[in-house]
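The values are calculated or read from the model by the stated rules, or taken from the named source; none is laboratory data. Quantities reported herein were computed from a predicted structural model and do not represent experimental measurements. FYI the Cβ positions are ideal-geometry reconstructions off the backbone, even for glycines, and counts take in every protein chain you see. All accessible areas refer to the heavy atoms of the entire protein, side chains included, with ligands and DNA or RNA removed. Shrake-Rupley method; radii C 1.70, N 1.55, O 1.52, S 1.80 Å.
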Amino acid sequence: MPSPSRTRAWQAVLLTGALALVTAACGGGPDGAGGTQQPAGGGASPIPDNAALIAAVKPDAQLTAALPPAVTQAKTLHLASNIQSAPNNFYSSDGKTPIGYEVDLAKAIGAKLGVSVSYQDMAFGSLITSLQSGRVDLTMAAMNDTKERQQQIDFVDYFSSGITIMVRKGNPDGITGPDTLCGKNIAVVQGTSHQKFAAAQSAKCTQAGKPAITVTATDSDTQNQNQLRTGRVAAILNDLPSAVYISRTAGDGKFFEVVPGAPIEGGPYGIGFTKTNTKLRDAVKQALTELITDGTYGKILQAWGVEQGAVKEAAVNGGS
């Protein structure tokens, strides 16, 4: 999915019930696929506790034996991320502990491999170079698996993100998908792939003899949320994890909801590996496959409310 072009910023926001939300000016990470600003109106739903679920994951001795010697010796996977994009990955209220569905998945993968996971927080632009230089073993940061990036590193795909439609609670305008946006007012953030999609969808509406979509482009998700709450627009376009998180937290979950369905123009997020580290790539792929098969993967995503982005298989370099 094309990346938003707007500048990102983030700050830690302490929420009720020992909840920290790391905010961003658009979707998660520079790929624009998941982080949020503080939801308009405040409020927060509890962060899920998947500790018992992860603790129940049994190591696979064959996978442990297949790990590269350096990982086996350290008994640790050194993972690089850009920790600022709820609900993918962000810091808990202590400002030190990474949390999020990606973090839970990484812990579960580590448990299946019989090793722990150590996080390194760094700029998104440094992730691939840090991987290639050997500073870390793998990356997991809402990074889109694309053909261009596949020229540099390998990916194991673990999530599918894309454009999602967010509406007012109760869906008073009866929006069920892109085709029902015809004749409606919607909001997007300026310069994003959401804006391009809205323009293309509006053209489809008029070509089919239906009213065009009235698109309002703003500078922030917060502005869009305010417009949706007051009924000035019927829907907001956002990325799946971001839309889900806003819907769960804004007004204690009473303001918005996500229109059901697969992400629009979806594409995979990938765990990154160097081209030469095929042993670790394949071990992680198999570990994730086992977690998908035994249901642990699905339970983690469901706990975070992002099960719409679940993949059916842990493909290697499945992005386009």
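Observations on the structure shown:
- Local electrostatic count, Thr206, Cβ distance below 15 Å [Lys/Arg +1, Asp/Glu -1]: +2
- For segment 96-151, the convex hull drawn through the C-alpha positions has a volume of 106 cubic angstrom per residue.
- Among Thr218, Thr146, Thr230, the residue with the largest mean-square fluctuation in a Gaussian network model of the chain, with springs joining Cα atoms closer than 10 Å, is Thr230.
- 23 Å Cα-Cα threshold exceeded, pairs from Lys279/Lys299; Lys147/Lys275; Lys204/Lys312; Lys196/Lys299; Lys58/Lys107; Lys112/Lys299: Lys279/Lys299; Lys204/Lys312; Lys196/Lys299
- Lys, Arg +1 and Asp, Glu -1 on Cβ, resulting dipole of the chain about Cα centre, debye, nearest 20: 340 debye
- Normalising the average separation of contacting C-alpha pairs (under 8 angstrom, six or more residues apart) by the number of residues puts the relative contact order of segment 65-124 at 42 percent.
- In this structure segment 153-225 gives 38 Å² per residue of accessible area when probed at 1.4 Å with all protein chains present.
- Rounded FRET efficiency, nearest 0.05, which uses the C-beta distance separating Ala55 from Lys279 and R0 of 35 Å: 0.85
- Segment 201-288, accessible surface, carbon-and-sulfur percent (1.4 angstrom probe): 48 percent
- Percent of Cα pairs in segment 229-320 per distance bin of 10 Å, from zero to the largest separation: 14, 37, 29, 15, 5, 0.
- Near the amide H of Ala212, within less than 5 Å, lie the amide hydrogens of Gly183, all on another chain or at least 5 residues away, with H placed in the peptide plane.
- Beta bridge orientation in the chain: antiparallel %, DSSP, nearest 5: 60 percent
- For the chain, the 222 nm mean residue ellipticity estimated from helices alone, with every DSSP H stretch of n ≥ 4 adding -39500 (n - 2.57) and the total spread over all residues, rounds to -8500 deg cm²/dmol.
- C-alpha center-to-center spacing [segment 153-229, segment 51-127] in angstrom: 33 Å
- Relative contact order of the chain, taken over Cα pairs closer than 8 Å and 6 or more residues apart, is 26 percent.
- Taking every C-alpha pair closer than 8 Å and separated by at least 6 residues, the mean separation divided by the residue count of segment 178-320 gives a relative contact order of 20 percent.
- Peptides 186-198, 235-247 ordered by average Cβ neighbours within 10 Å, highest first: 235-247, 186-198
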